[in-house]
Amino acid sequence: MTVEQRARGAAGGVAGTGRRRSRRDEILEIAVGLFAARGYHGVSMDDIGAAAGVTGPALYHHFAGKEAMLAAALIPVSEGLLDGGRERVTGHSDDPRAALESLIDFHVEFALANPAVIALHLHELDRLPDEPRRRIRRLQRLYVEQWVTVLTALHPGLPDGEARVLAHAAFGLMNSTPFLGGEVDRQRRAALLRAATLAALLAEADADA
């Protein structure tokens, strides 16, 4: 397997589905896979160009540099999570249990499709300049609030702060995909992650714990 093939596999669904991928999308997928495998500082623009089969000038035609690639990978993902979360909460506004199950299904599918993006977010977000980093943080906070809305509706009396603790704990479960091996097939991994997350969030909050 070539470096390019490994990078494509690691990158998962960062470029999105449902539309034909552009050359820019392909380069971004390769860059994300390399960043996730080697670390941001372990990858040069020359490495990305070589893996993508692109010369230096052509590579810079698509991206100004590594920071631009990192922002291009993380900002659309954060926007997509927020939009998807809102859609699922709105679609089940009268049934918090159904809304929670829909949110979990949505996030688990994202996590399984994008392990490299999750790894980038966990380890490389601070490499971004202030403005795109603040933008991503804001999008993420808004996404968390979609979960808080559902959890406080599901558990009457649960304070918002405690709901945020539960939401972040759920993300820890679902966002474990970069660390999961291939010994369990994808369908079973999805089922296990869904069941574990739902069980954790359905449990009654114990104020005295």
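The values are calculated or read from the model by the stated rules, or taken from the named source; none is laboratory data. None of the values given here were measured: they were computed from a predicted structure. FYI the Cβ positions are ideal-geometry reconstructions off the backbone, even for glycines, and counts take in every protein chain you see. Protein only, heavy atoms only, side chains kept; ligands, DNA and RNA dropped before computing areas. Shrake-Rupley method; radii C 1.70, N 1.55, O 1.52, S 1.80 Å.
Legend: P(r) of the range 21-63 from all alpha carbon pair distances, 5 Å bins from 0, whole percents, reading 5, 26, 37, 22, 10, 0. Seen against the Cα atoms of the chain and their longest principal axis, helix 96-113 is set at about 20 degrees. Annotation: amide H-H contacts under 5 Å for LEU158 (H modelled 1.01 Å from N, sequence separation of 5 or more, or interchain): none.
Surface composition of the range 46-157: carbon and sulfur make up 50 percent of the accessible area, probe 1.4 Å. Largest GNM mean-square fluctuation across GLU183, GLU109, GLU67, computed for the chain with C-alpha springs under 10 Å, falls on GLU183. Among ASP130, ASP95, ASP105, the largest mean-square fluctuation in a Gaussian network model of the chain, built with springs joining Cα atoms closer than 10 Å, belongs to ASP130.
For the range 105-209, the fraction of C-alpha pairs more than 23 angstrom apart is 35%.
Helical content of the chain, expressed as a calculated mean residue ellipticity at 222 nm, amounts to -23500 deg cm²/dmol (DSSP H runs of 4 or more residues, -39,500 (n - 2.57) each, divided by residue number, nearest 500). Its alpha carbons give the chain an Rg and a Dmax of 18.4, 61 Å. Remark on ASN114: its backbone amide H falls under 5 Å from those of GLY13, a criterion applied only to residues 5 or more positions apart or on other chains, H modelled at 1.01 Å from N. In this structure the range 79-143 gives 50 Å² per residue of accessible area when probed at 1.4 Å with all protein chains present. Surface exposure of the range 21-63, expressed per residue as accessible area with a 1.4 Å probe, stands at 44 Å².
Per residue, the convex hull spanned by the alpha carbons of the range 41-122 comes to 102 Å³. Against the main long axis of the alpha-carbon atoms of the chain, helix 115-124 sits at an angle near 90°. The figure for PHE35 is an accessible area of roughly 0 square angstrom, using a 1.4 Å probe on the protein chains alone. Under a model in which nothing but the beta-carbon of Lys, Arg (+1) and Asp, Glu (-1) is charged, the chain shows a dipole of about 700 debye around its Cα centre. Considering only GLY33, GLY80, GLY182, the Gaussian network model of the chain with Cα springs below 10 Å gives its largest mean-square fluctuation to GLY182. What's the angle, to the nearest 10 degrees (0 to 90), between helix 130-154's Cα axis and the longest principal axis of the chain? For 130-154 against the chain, the angle is about 30 degrees. Among the protein heavy atoms, those of GLU131 account for about 110 Å² of accessible surface (1.4 Å probe, every chain in place). Accessible area per residue (1.4 Å probe, heavy atoms of protein chains only) ranks SER44, SER102 as SER44, SER102, with the largest value leading. Taking all protein chains as shown and a probe of 1.4 angstrom, TYR60 keeps an accessible surface of around 120 Å².
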